[in-house]
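Since the structure comes first, as structure tokens, the remarks are kept for the end.
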Amino acid sequence: MNTSTRLPRILAATIFAALTCSIATVSLASDSSDPLQVKVKFGDLNVASESGAATLYNRIRVAAESVCHPFDNRDFASKKLLAACMHKAISDAVSEVDQPALFTIYNAKTGTSKPILLASGQAR
């Protein structure tokens with residue numbers, strides 16, 4: 001199977017990142033039945049602070065590199081898959097954590113704008 005026919009399949013079933021409580025999981029859906037995962041602990045961080053959010057962002061990035069590494073075959077198509085995998089893993093993880101300071105770090109690192117979602121306990 002060549003890379004161009006694998007691309008839609010891989011992107012359709014690629015990775016997801018789940019961050020709950022004080023553990024983050026960056027995953028890659030692979031051909032096997034078990035996804036590759038890296039758990040990122042952040043219970044020791046104050047993710048509401050700039051320094052804590054920056055540290056967590058770096059941990060998420062390293063975990064995403066580890067999970068997405070199988071895509072790095074040194075050719076152009078693989079580099080595109082690696083970049084897409086990294087972007088999705090980091091973006092999903094940042095969204096799951098849902099901390100404004102982490103969104104700010106993400107936006108600064110990627111040069112894009114990820115909306116900060118604020119929730120209110122009051123119904124209108």
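None of the figures in this text is laboratory data; all of them are computed from the coordinates on show. Keep in mind that what you see is a predicted model, and the values were worked out from it rather than measured. Quick reminder, even Gly has a Cβ in these numbers, built from the backbone with ideal geometry, and neighbours come from all protein chains shown.
Assign one of three labels to region 36-104, namely rounded, prolate or oblate, based on the Cα gyration tensor with a ≥ b ≥ c the square roots of its eigenvalues; rounded applies when a/c is under 1.5, prolate when it is not and a/b is larger than b/c, and oblate otherwise. Prolate. Here the peptides 39-49, 59-69 are ranked by packing, the mean other Cβ count within 10 Å, and the order with the highest first is 59-69, 39-49.
Label-to-label distance, Ser78 versus Ser66, with points set 7 angstrom from Cα along the beta-carbon direction: 2.1 nm.
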